[in-house]
Amino acid sequence: MSATTRPRASLGRVIEDLGSTLLEVISGATDRDAEIEAVVIHDALDDAMPMRHALVLGVGLSEPDEITALLRVLGAQGATGLVLRAPVRTDAAVLDAVEQTGVPVLALTRGASWAQLAAMLRSLIAEGDVGDRGPQTLGGMPSGDLFALANAIATLLNAPVTIEDRNSRVVAFSGRQDEADPARIETVLGRQVPERYTRQLEERGVFQELYRSEDPIHIGPVIAGDDTPSFPRVAFAVRAGDEILGSIWAAVREPLPPDRVSALKDSAGLVALHMLRLRAGADVERRLRADLLATILEGGAGAADATSRLRLSDHSCVVLALSAADRPGDEPSADARSIAERQRIADAFAVHLGAVYLRSAVAVIGDVVYAVVGVRPDVSDADVRAARVATDFLARLGTTSEIRVGIGTVADDSTAIPASRANADRALRVLRHTPQREPVALFSAVQMEALLAELGDLVRARGDQPTGPVARLLAQDRERGTHLVETLRAWLDAFGDVSIAAARVYTHPNTFRYRLRRLSEISGLDLGDPDVRFSAMVQLRLLSPDSP
């Protein structure tokens, strides 16, 4: 299942803003104050997604017995509602399940895609899940709530309204869209003005006039091409100083009277404030999330509060660390382009994780993109699942040759998150220094390589040098030009198989056996002693000048 998480939205708000255009209540009593914390896409093959306070999208469900079974599951888990594709087939069993569970059934209108509905619901669930902000208002409207503002403007103008950005994407719309023409319905369903209509408007110079004019402009009907009716529009640009933020479009049957033109102009200033608030709020929220995430990754004072504010406190967690693979001589890049690229990847990663996990947080800290995902405490292989999700993300990103992701251990509570982060960093370090590996690695799979890397740090810090038999072999090779260290390393790597080891160093097996006897004589190595072999392997790995 996939989910999009936002708290404190209500079923009543969803029905009020989308009901006349997208959703219709088919059966059941709708508690308008019922909370929606998540939008969950039902997947019959995956029962890992909790449904509490979720609005569930029943994609592909049409048989009454399937609907009945799902309703009973949703009722037991405390779901808020179930959305099915219209027309919905209901029988006595379905109606009985609705009554017993208290889970209402809603129908998604024909012509709208599930992706469009999920995107609109995500926009409607407007209050962020970061922090403990109290309600904020601009001009009497909840700050950033463009849907409420669109409804207010529609009431003032007595016409259905859309608020669009510079690219003719619908960022909010009012109710009563069913009173408009098919072109408007298509625009709302697709959250974008169809290209055939924008082309007509461009050819007529509408956008140039709209962005130059200080007053609302009246626009004649567009030509649908199939004799469907089309109404005129009144449009007005939304400005912040000299910057064009977007526009307001009202579907009207006749020109607006002066008092409504004045109301539209006054409303545009308020729309600009809300659009700026949304833009600024996104930046502020991003920084706040980064600070909260850094706090829980470091642990200590404030970590419990930060975990609660990110809504991860009641979950087991896994930390993922994402960064580019190292190249010889590379230094962490701090130029503007690299910083912007890291943020772009972080944003894409956040969207990807948000579609899989009910709880997740992503932020760029230094040159690493960190993510913390919350999972149910009873999920034992959460790190393995996180690795699969990360692998899928890199495949979609198309840059698996450049990006590496280390997966930390499962943290049962917030106090263990710093350890998960440390292990994710250790796995990422192994991957960054070995580009030939798979791009995603669990710490549990590379723990030994991570330990060796850390021992190598200690060796370099102390300036340790090879001693004993290995030192004697190195001296022999250096003075006589022999290849005894190479021979020993090949033999150890081949677990004592002379044929394989000889092939690796392009030597005849008999010659290789002679070199083995010779290096034993010179160094005093007892190759039959496992402790001696292990000591030689560690020294060759960490202390030899040509160690990998």
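Nothing in this text is a laboratory measurement; each read-out follows from the coordinates by a stated rule. Here the structure is a predicted model, which is why all the values come from computation and not from measurement. When we count neighbours, we look across all protein chains shown, and the Cβ atoms used for this are built from the backbone with ideal geometry, even at glycine.
Only helices enter the 222 nm calculation for the chain: every DSSP H run of n ≥ 4 contributes -39,500 (n - 2.57), and dividing by all residues gives -15000 deg cm²/dmol, rounded to 500.
Find how much the distance from residue 294 to residue 165 grows on full extension, using 0.36 nm per residue of separation minus their present alpha carbon separation; answer in nm with one decimal. All intermediate terms of the calculation are to be shown ahead of the outcome.
Values: separation 129, 0.36 × 129 = 46.44 nm, distance 3.36 nm.
That pair, residue 294 and residue 165, stretches by 43.1 nm at full extension.
By definition, a body whose alpha carbon gyration tensor gives a ≥ b ≥ c is prolate when a/c is 1.5 or more and a/b is larger than b/c, and the stretch 302-448 fits this prolate description.
Among 162-175, 205-218, 440-453, the peptide with the highest mean count of other Cβ atoms within 10 Å heads the list, and the full ranking is 162-175, 440-453, 205-218.
Charges on Cβ only, +1 for Lys and Arg, -1 for Asp and Glu, centred on the Cα centroid of the chain; of 299, 229, 39, which one is farthest towards the dipole's positive end? The residue sitting most towards the positive pole is 299.
For the chain, the antiparallel share of DSSP beta bridges with both residues in that region comes to about 80%. This model, with +1 at the C-beta of Lys and Arg and -1 at the C-beta of Asp and Glu, gives the chain a dipole about its Cα centre of some 1420 debye. Listed by Cβ neighbour count within 10 Å, with the fewest neighbours leading, 37, 66 appear as 66, 37. Residues 42, 508 in ascending order of nearby Cβ atoms (within 10 Å, fewest first): 508, 42. Spin-label model, residue 115 to residue 93: label points 7 Å out along the Cα-to-beta-carbon direction sit 3.4 nm apart.
With a ≥ b ≥ c the root eigenvalues of the C-alpha gyration tensor of the stretch 141-279, is it rounded (a/c under 1.5), prolate (a/b larger than b/c) or oblate? It comes out rounded by the Cα gyration axes. Distant-in-sequence amide contacts of residue 374, defined by a placed amide H-H separation under 5 Å and a gap of 5 or more residues or a different chain, comprise 359, 360. Spin-label model, residue 347/residue 279: points 7 Å from Cα along the beta carbon direction are separated by 1.3 nm. Modelled label positions at residue 517 and residue 266, each set 7 Å beyond Cα in the direction of Cβ, lie 10.5 nm from each other.
Sorting 51, 537 by the number of Cβ atoms found within 10 Å of their own Cβ, with the fewest placed first, yields 537, 51. Once you have a ≥ b ≥ c as the square roots of the Cα gyration tensor eigenvalues for the stretch 468-542, tell me rounded if a/c is under 1.5, and otherwise prolate or oblate according to whether a/b is larger than b/c. The shape class here is oblate.
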